[in-house]
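Okay, structure first, notes after.
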Amino acid sequence: MGPWAEIAIEPSTGPRVIQRLRWIPPGRFLMGSPEDEPGRWDDEGPRHPVTIGTGFWLFDTPCTQSLWEAVMGQNPSRFRDPERPVERVSWKDAQGFLERINGLVPGLGLALPSEAQWEHACRAGTESALYSGGIEILGEKHAPALDAIAWYGGNSGVEYDLDEAEDTTGSLWREMQYATRRAGTRKVKGKAANAWGLYDMLGNVWEWTQDTWHERYEGAPETGVAWKSPEAGADRVIRGGSWGDDTRLCRCAYRSRAQPDFRFSILGFRCARAQGS
């Protein structure tokens, strides 16, 4: 799975929290999806080459509740568990976390990944719908290929273990891979990692990126930098899908958006660190 590094945060109370980062090598990849990919949306195109000229480090999991609490001193999450992703955090909240953790560890230099960095890391050298291969969509929440690598709307209720849960018996939970009655986030690293050692890149929680939203990729930078708009309060790009989402939303190319102050129990983030930081 390649090189890795770790950071340690000493909270005011409780044990130290360790976060592993994986090395994401530079390279060239095709961003977006081909027009014949199952579940494709128009805003995933046009498919275009992007060159990531400099490698970077990336959290191997979404930011966990234990790390968030060690840095911020509180926990906003609905589904409480130190080993689950922190959620109900806005893009602005994530900026506050970054400022705080970078102050705790001088020279750390963490930031949110750009959308292109995120997709490059998710794909890990692949060009298929999933980093594990292609996808066959058998129902709104039913894609057998997702089961091994992602917690999504079709399997997030299997052997669910918290009292706090979403009721999955309603009309929004149709055609599930496994018929369950309760669901929510799951502990990180519960599904297989990609080839670069990254867990939960698809499913579990959506992840904020640096980029502001653009409807399509016409005019997108081809160097991997964040694509930003001068519009104040512009929506930010989120990637990866979540524990409650339909099959087609949990693909490497799928992209969505949210207002920078939006908080919900499907939404978290992971951090990147540039080489040389």
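The numbers here are math on the coordinates, done by the rules we state, and not lab data. In this text the structure is predicted, and so the values were computed from the model without any measurement. Heads up, the Cβs are rebuilt from the backbone with ideal geometry, glycines too, and the neighbour counts pull from every protein chain shown.
Multiplying the residue separation of GLU83 and GLU35 by 0.36 nm and subtracting their alpha-carbon distance yields 13.5 nm. All C-alpha to C-alpha distances of segment 6-144, sorted into 5 Å bins beginning at zero, yield P(r) values of 2, 8, 15, 17, 16, 15, 13, 9, 4, 1, 0 percent in whole numbers. Can you return the lysines within cross-link range of LYS191? Criterion is Cα-Cα under 21 Å, with same-chain partners fewer than 8 residues away left out. Cα-Cα hits under 21 Å: LYS141. The alpha-carbon of LYS92 sits under 19 angstrom from the alpha-carbons of these aspartates and glutamates, leaving out residues fewer than 8 places away in its chain: GLU69, GLU115, GLU207, ASP211, GLU231, ASP235, ASP261. Calculated on the alpha-carbon coordinates, the convex hull of segment 162-277 measures out at 164 cubic angstrom per residue.
For LEU108 and ALA234, the FRET efficiency from 1/(1 + (r/R0)^6), where r spans their Cβ atoms and R0 equals 30 Å, is about 0.65.
Extension gain for ARG100-ARG257 works out to 54.0 nm (0.36 nm per residue, less the C-alpha to C-alpha distance). Using all pairs of distinct alpha-carbon atoms, the Kirkwood hydrodynamic radius of the chain works out to 18.7 angstrom.
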